[in-house]
Amino acid sequence: MLTSLRQFVEGAVVGDSVPRLTRWGKSVPPALIWRMQEDSFRRTVRYAARHQKFFAQKLAEAGIRAEQVRRPADLSEIFTTPEDLLSHPPEDFLCRDPQAVFETTGTGGEPKRVYFDHQELELAGRYEAAALYENGVRPQDRVICTFDAGYWISSWVTYFACRAMGAFCSAVGKPDPRDTYSKLRLYGYNVIVADPTWLVSLSEIAEKEGAYPVKLIVAAGDRMTAAYRKYIEDVWKAPVILGYGSTEMGGGAGMECRERQGYHLDEFNLLFEILEPDAEGYGELVVTTLGRRVMPLIRYRVRDVARFIPEPCACGATLRRLSPIKGRRDEMVVMGAGNLHPAIFENLMRDVAGISTNWQVAVRQEGLHDVLEFRLELTNGVSSSAVEEAVRKNLETRYPEMWANHSCGMYRLAFKFGPRGALGQGRKMKRLVDERGT
Ligand SMILES: [Zn+2]
């Protein structure tokens, strides 16, 4: 296959240097990014039409010829879903012999399997290296990566990133934080790459016994709350930068810059779409892999809900940004208040005094009307009316559109209070449930 526009431009401008890749990646004009994406997208579609049984069949069913496809919309309703990956044998997606396989941590049941070759992993590492470089990591730094190893991709890509940069790297799986704490001084690590909850455990030890000098902490972003982040930063006196990605996207799909206002997306290797965006631009993220040839994924439904941030970033990088993930498509409830995600209610309840952390919001139906019912446990003598007032006030100030829909009668608010433990203990309850029609 002839060199793609991206490979040509990158080869001419960047070569093997990570600093040059970083500078180039920050300054590519959006029009050139779009041309490179379109070129890579067309090549990927034609390649997959010839080599991938699953996609070839989809094209045939839809009566679309690969040669006619220039951009994602030309594929109409053709997507690849997580369910497709689970229900088809790997042969239906494999286009050439793989050299590595990774699994996704699903919510129960069979894991999804995604195949790569070594070159694809190295390329993913190079782009992660550029993102790390942009955030201040240099060849003389020492990186410890404690992402779960096993069949998970992230620690491999981080290892390849450090290799591309020439930095010291220990990708050691997920050890006991106590064990890592003792190694921080021994090996002089000054960059930590890890999961949020593991970082909290490590930070609790460091808070009691003293933190070592660390220049940067990189965390998988989709499970990091603002409270965790602040705590970890306070303990280490170092910035926490979030990355976003998944096995299907080949590890990293985007990383924050020092502005920390959304993830700068890797638009060189992935093409992103937001499906059926609502009034604020939020919809399901859809991704096409642009460079992978072992198991390309075309219009893969990520199931995460987010939006593009169209405004230019203060850091000056031209790469488009993605908002923090608002929730999962399958957790979203559509009702009279709008499209609801559990994250909305986390944000509503976070500073309401007098309730336990165990709460639930249910969407019910009464006659022809939707009811948004808050089920709360009272804890320390704050009256139910004061709690209700606080929730209403947060709704009005933090989600004015939802409040406006309430004011014009599109749904009703209801509150149900019980003592601590009333909602059940010991299990993690679904924050948002749809009980209409049950
Ligand atoms: Zn930026």
Self-check item: Condition met for Ser155 (open to solvent by less than 30 Å² (accessible area, probe 1.4 Å) and either charged (D, E, K, R) or more than 30 Å from Val114 (Cα to Cα) (or both))
Solution: no
Practice problem: Find all pairs meeting these conditions: Cβ atoms under 7 angstrom apart; at least six residues apart or on different chains; first residue within region 315-338 and within 21 Å of Leu242 (Cβ to Cβ); second residue away from the ligand (no atom under 14 Å from the Cβ) and of a type in the set (Asp, Glu). | Solution: Ile325/Asp222; Ile325/Asp304; Arg328/Asp304; Arg329/Glu284
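Yes/no per residue for (1) assigned by TED's automatic domain parsing to the domain that holds Phe93; (2) more than 25 Å from Pro296 (Cβ to Cβ); (3) touching a residue at least 40 places away in the same chain (Cβ under 8 Å); (4) buried (at least 20 other Cβ atoms within 10 Å of the Cβ):
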position	(1), (2), (3), (4)
Val114	yes, no, yes, yes
Glu128	yes, no, yes, yes
Cys162	yes, yes, no, yes
Gly173	yes, yes, no, no
Thr180	yes, yes, no, yes
Leu186	yes, yes, no, no
Quiz item: In region 245-263, what residues are within 16 Å of the ligand (Cβ to nearest atom), out of contact with any helix residue (DSSP H, G or I) (no Cβ under 6 Å at 6 or more places or on another chain) and either open to solvent by 30 Å² or more (accessible area, probe 1.4 Å) or more than 15 Å from Ala219 (Cα to Cα) (or both)?
Solution: Arg258, Glu259, Arg260, Gln261
Quiz item: What is the one condition in (1) modelled with pLDDT under 95; (2) among the β-branched types (Val, Ile, Thr); (3) more than 24 Å from the chain's Cα centre (by Cα) that Ile64 does not satisfy?
Solution: (1)
Quiz item: When you go through Arg321, Arg292 one by one, which is the residue that is at negative phi, basic (Lys, Arg) and within 13 Å of the ligand (Cβ to nearest atom)?
Solution: Arg321
Quiz item: How many residues does region 33-57 hold that are in contact with a Ser or Thr (Cβ under 8 Å, 6 or more places away or on another chain) and free of Cβ contacts under 8 Å to residues at least 40 places away in the same chain?
Solution: 2
Self-check item: Members of region 4-22 found to be under 24 Å from the mean Cα position of the chain (by Cα) and not aliphatic (A, V, I, L, M), listed by number
Solution: Thr22
Quiz item: Does Gly281 count as more than 16 Å from the ligand (Cβ to nearest atom), surrounded by 19 or more Cβ atoms within 10 Å (Cβ to Cβ) and under 30 Å from Glu83 (Cα atoms)?
Solution: no
Quiz item: Hey, any hits in region 377-385 for a residue that's touching a Gly at 6+ places or on another chain (Cβ under 7 Å), at pLDDT 95 or above, away from the ligand (no atom under 16 Å from the Cβ) and more than 30 Å from Leu32 (Cβ to Cβ)?
Solution: no
Quiz item: Failed condition for Val214, given (1) within 16 Å of the ligand (Cβ to nearest atom); (2) open to solvent by less than 30 Å² (accessible area, probe 1.4 Å); (3) modelled with pLDDT of 95 or more, with all others met?
Solution: (1)
Quiz item: Of the residues that make up region 337-360, is at least one within 15 Å of the chain's Cα centre (by Cα) and away from the ligand (no atom under 16 Å from the Cβ)?
Solution: yes
Practice problem: Exactly one condition in (1) within 14 Å of the ligand (Cβ to nearest atom); (2) closer than 26 Å to Val69 by Cα is not met by Leu242; state its number. | Solution: (2)
Exercise. Only one of these is within 22 Å of Glu435 (Cα to Cα), of a type outside the set (Ser, Thr, Tyr) and either out of contact with any Ser or Thr (no Cβ under 7 Å at 6 or more places or on another chain) or assigned by TED's automatic domain parsing to the domain that holds Gly418 (or both): Met335, Met295. Name it.
Key: Met335
Quiz item: Among the residues of region 298-318 satisfying the criterion of being under 17 Å from the mean Cα position of the chain (by Cα) and either open to solvent by less than 30 Å² (accessible area, probe 1.4 Å) or outside the structural domain of Cys95 (by TED's automatic domain parsing) (or both), which is nearest to the ligand (Cβ to nearest atom)?
Solution: Ile309
Exercise. Sort through Leu271, Leu275 and tell me the only one that's more than 16 Å from the ligand (Cβ to nearest atom) and touching a residue at least 60 places away in the same chain (Cβ under 8 Å).
Key: Leu271
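The values are calculated or read from the model by the stated rules, or taken from the named source; none is laboratory data. Just so you know, these numbers come straight off a predicted model, no measurement behind them. With ideal geometry, Cβ positions are generated from the backbone for all residues, glycine too; neighbour counts draw on all protein chains shown. Remember, those area values only see protein heavy atoms, side chains included, never the ligands or the DNA or RNA. Shrake-Rupley method; radii C 1.70, N 1.55, O 1.52, S 1.80 Å.
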